[in-house]
1. If you find the alpha carbon centre of the range 1-46 and of the range 61-89, how far apart are they in angstrom?
2. Kirkwood hydrodynamic radius, the range 97-169, all distinct C-alpha pairs: what's the number in Å?
3. Based on the mean of other Cβ atoms within 10 Å per residue, sort peptides 114-124, 21-31, 136-146 so the most packed one is first.
4. Given contacts defined as C-alpha pairs under 8 Å and at least six residues apart, what's the relative contact order of the chain, whole-number percent?
5. At what distance in angstrom do the alpha carbon centres of the range 93-115 and the range 121-169 lie from each other?
6. Apply the Karplus curve 6.51 cos²θ - 1.76 cosθ + 1.60, θ = phi - 60°, to the phi angles in the range 97-108 and return the couplings in whole Hz, x for Gly and Pro.
7. In the chain, carbon and sulfur make up what percent of the accessible area (probe 1.4 Å)?
8. Just for the Cα atoms in the chain, what are the lengths along the principal axes, largest first, rounded to whole Å?
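The values are calculated or read from the model by the stated rules, or taken from the named source; none is laboratory data. From a predicted model like this one, the values you see are computed outputs, not experimental measurements. Virtual Cβ from ideal backbone geometry, glycine too; neighbours counted across all protein chains shown. Heads up: the accessible areas ignore ligands, DNA and RNA and are worked out on the full protein's heavy atoms, side chains in. Shrake-Rupley method; radii C 1.70, N 1.55, O 1.52, S 1.80 Å.
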Amino acid sequence: MKRFVIVFSNEPSEPAPWIPRACEAAKVTYLDNDPITTELSKNPEAQKQLLSNIPPGENAALAPHYKAALEKVAGKEARIGLYSNSWLFYLGQADGCVLDFSGLEAQRQQGLAGGMKKQDVDDYVAKYSKQMQDRARKYLPPERILVLPTNESDAKKAELAAAFIRKLG
């Protein structure tokens, strides 16, 4: 089944609370990663691949297993939202991607509060936000990527993301 897939990321943080609200507003079913991971863990071949993937990280050999686990969990849902830009890698395609750098901004504040040099913290945030954007651009054209303003409220982020998703399809 061809699905309409939106990938969300505000890594390195956990999924933001506005993500499910944006999905609901755009009539997209948000799928939590936990049931997908549980399904993946039931597959002996996937287990073997996961255990041999040292150090942990993305592994192209796992892509078919992630896709199969996603298919089981998604069932008949035609429009889904997933969290983590790793899904771009494992799926090899998506219909859109919504990036929120609030997680990185929170890390910036923690680093500064912990006494790190401002330049070091700024460099870290710039490096990882660029990596997230480059990942999205590798799989999607620019018009299918939304970078949310970090200083917006969760309600506004949900509204902006939902409008973007509706525009895509």
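1. 8 Å
2. Kirkwood hydrodynamic radius for the range 97-169: 13.5 Å.
3. Working: 114-124: 11.4, 21-31: 19.4, 136-146: 15.3.
Taking the mean over residues of other Cβ atoms within 10 Å, the ranking is 21-31, 136-146, 114-124.
4. 35 percent
5. Between the Cα centres of the range 93-115 and the range 121-169 lies a distance of 10 Å.
6. 9, 10, 10, 10, 9, 4, x, 5, 5, 5, 5, 4
7. Details: 4970 of 9150 Å².
Exposed carbon and sulfur together represent 54 percent of the surface.
8. That works out to 46, 40, 26 Å along the principal axes.
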